[in-house]
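Visitor: Let me give you the structure first, and then I'll get to my questions.
The values are calculated or read from the model by the stated rules, or taken from the named source; none is laboratory data. Fair warning: this is a prediction, and the values are worked out from it, not measured in the lab. Every residue, glycine among them, receives a Cβ derived from its backbone with ideal geometry; neighbour counts consider all protein chains shown. Calculation scope for accessible area: heavy atoms of the full protein, side chains included, ligands and nucleic acids excluded. Shrake-Rupley method; radii C 1.70, N 1.55, O 1.52, S 1.80 Å.
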Amino acid sequence: MYVRQLALRDFRSWESVDLELGPGRTVFVGSNGFGKTNLIEALWYSTTLGSHRVGSDAPLIREGAARAVVSTIVVNEGRECAVDLEIVAGRANKARLNRSPVRSTREVVGVLRCVLFAPEDLALVRGDPAERRRYLDDLATVRRPRIAGVRADYEKVLRQRTALLKSLAGARYRRGQEALDTLDVWDSRLAEHGAELMAARIDLVNELAPEVEKAYQLLAPASRPASINYRASMDGLGGADEGTDPEFLEAALLAALAARRDAELDRGMCLVGPHRDDLELRLGDQPAKGFASHGESWSFAVALRLGAYELLRADGGEPVLLLDDVFAELDTARRRALAAVAESAEQVLVTAAVLEDIPDGWDAKRVHIDLRDGEAGRVSVVQA
């Protein structure tokens, strides 16, 4: 799989840009702030319908514009597919597949499959559980596009249930039978969609764990062994070796919601569900967060991405590798290991502030990004 064309309109700093790409390695070279990462971000958005840098779509629209457009032409086993995404401020986004409108933007998920390495990846190890949940959900969505709908359904129910809990918090006199019956309905829906999301995550962790272990050993052979485990917010559900039958998980969620109902009503928040779960990362007998060195943390972060890459390859078809300024963050050994993986990829797109950040001996097409006419915020692309 590779991206043959990328076109942006009013996306981030880009007023307009059209790039012809191809298989092999392409390096986007330019000073910081010129828009290199925005190109990578646009491709990741086409893959997951989300940014790796921000949690909402509003910052993706160029200042002063009403909408942004990301257009790609993807070639997979000789067949071309065009995807157009329109990101609109304050309204539902739109999508076209092969120039025809689709009912939901989720219908284009899976056309482009990418694995992204970025400086933000360090947060997978050192950051909040939300970073690790997003990592799992993004990967699950790329592998099984229908998970995008499961995520959306769960998040919608979670918002509605949380709003109800907030309205009832601290006001026992307002907790009539009608309100509690309504809460029962939301409990049922949360358990239904939450069980499906949890099952997808736990299945994914079962497959991902050995790949991450191998990748970490490759990157840091002298370090302690790495392991990952799914940690649920419910009592009695230990980790990735538990059953992933959605009916079992749904019953467990309903029981946990019933057990925590008083606490949830008092606090006005949802205390149980996959939105409070975590991906546990361990080095030997210790959690990586708080105990891993800087080098170990980077090795773990890269191992998580390499594990994702291997799973997508095993599914069939080479995912596109996106390397956003990541070589500048790695030491020589880790650079060498990542470069070795990139050698076999069908398409690798890399950003770098200077060419010295690229591994020695790389045969790569260079795309130089510079200021146009000396005007700040406007850029041009010169291919070499």
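Visitor: Check cross-link reach from K365 to the lysines: straight Cα distance under 25 Å, and skip same-chain residues fewer than eight apart.
Guide: In chain and number order, the partners are K36.
Visitor: Build a GNM of the chain with springs between Cα atoms under 10 Å: which of V54, V348, V70 gets the top mean-square fluctuation?
Guide: Of the options given, V54 has the highest mean-square fluctuation.
Visitor: Run the accessible area of the chain with a 1.4 Å probe and give the carbon-and-sulfur part as a rounded percent.
Guide: Heavy-atom surface of the chain belonging to carbon and sulfur, 1.4 Å probe: 47 percent.
Visitor: Next question. From the helices alone, meaning DSSP H stretches of at least four residues, give me the mean residue ellipticity at 222 nm for the chain, per-run term -39500 (n - 2.57), in deg cm²/dmol to the nearest 500.
Guide: So the calculated ellipticity at 222 nm is -13500 deg cm²/dmol.
Visitor: Note the per residue figure in Å³ for the convex hull of the C-alpha positions in the chain.
Guide: Cα-based convex hull of the chain, divided per residue, equals 155 Å³.
Visitor: Using 10 Å bins from zero, what percent of all Cα-Cα pairs in segment 244-307 falls into each bin?
Guide: Percent of Cα pairs in each bin: 17, 31, 23, 26, 3.
Visitor: Take the chain, connect every pair of alpha-carbon atoms lying under 10 Å apart with a spring to form a Gaussian network, then pick out the residue of L43, L168, L204 with the largest mean-square fluctuation.
Guide: L168
Visitor: Given 10 Å bins starting at zero, what is the percent of C-alpha pairs of segment 189-232 in each, up to the one with the largest pair distance?
Guide: 26, 37, 23, 11, 2
Visitor: Report the dimensions of segment 17-162 along its three principal axes from the alpha-carbon atoms, largest first, rounded to Å.
Guide: That gives 46, 39, 38 Å along the principal axes, largest extent first.
Visitor: Here is a follow-up. Using a basic spin-label model with each label point 7 Å from the Cα along Cα→Cβ, how many nm lie between S16 and A222?
Guide: Placing both labels 7 Å beyond Cα along the Cβ direction yields 5.5 nm.
Visitor: While we're looking at this one, here's another question. Write down the accessible area per residue of segment 250-326 in Å², having rolled a 1.4 Å probe over the full set of protein chains.
Guide: 35
Visitor: Another question about this same structure. Using the heavy atoms of the protein chains alone and a 1.4 angstrom probe, what is the accessible area of segment 87-238 per residue in square angstrom?
Guide: Solvent-accessible surface per residue comes out at 48 Å².
Visitor: For segment 245-382, how big is the tail of P(r) above 21 Å, as a whole percent of Cα pairs?
Guide: Result: 65 percent of Cα pairs exceed 21 Å.
Visitor: To continue, here is another question. Any chance you could check the Cα centroid distance between segment 1-53 and segment 88-148 for me, in angstrom?
Guide: 15
Visitor: How big is the antiparallel share of DSSP beta bridges in the chain, given as a percent to the nearest 5?
Guide: Taking every DSSP beta bridge with both residues in the chain, the antiparallel ones total about 70 percent.
Visitor: While we're here: Starting from the alpha-carbon convex hull of segment 134-230, give the projected area averaged over all orientations, in nm².
Guide: Orientation-averaged projected area of the Cα hull: 8.3 nm².
Visitor: Would you mind giving the average projected area, over all directions, of the Cα convex hull of segment 1-42 in nm² with one decimal?
Guide: Over all viewing directions, segment 1-42 projects a mean Cα-hull area of 3.1 nm².
Visitor: If R₀ is 56 angstrom, what is the calculated FRET efficiency for the pair D360 and N206, using the beta carbon separation as r and rounding to 0.05?
Guide: Given R0 = 56 Å and the Cβ-Cβ separation, E is 0.90.
Visitor: A further question on this structure: Over segment 133-233, what is the mean sequence separation of C-alpha contacts under 8 Å (at least six apart), divided by residue count, expressed as relative contact order in percent?
Guide: 28
Visitor: Running a GNM on the chain with Cα contacts under 10 Å, which residue among A222, A195, A303 ends up with the highest mean-square fluctuation?
Guide: A222
Visitor: Among all the lysines, which ones have a C-alpha under 17 Å from K166's C-alpha, if same-chain residues fewer than 8 places away are not counted?
Guide: K166 reaches K156.
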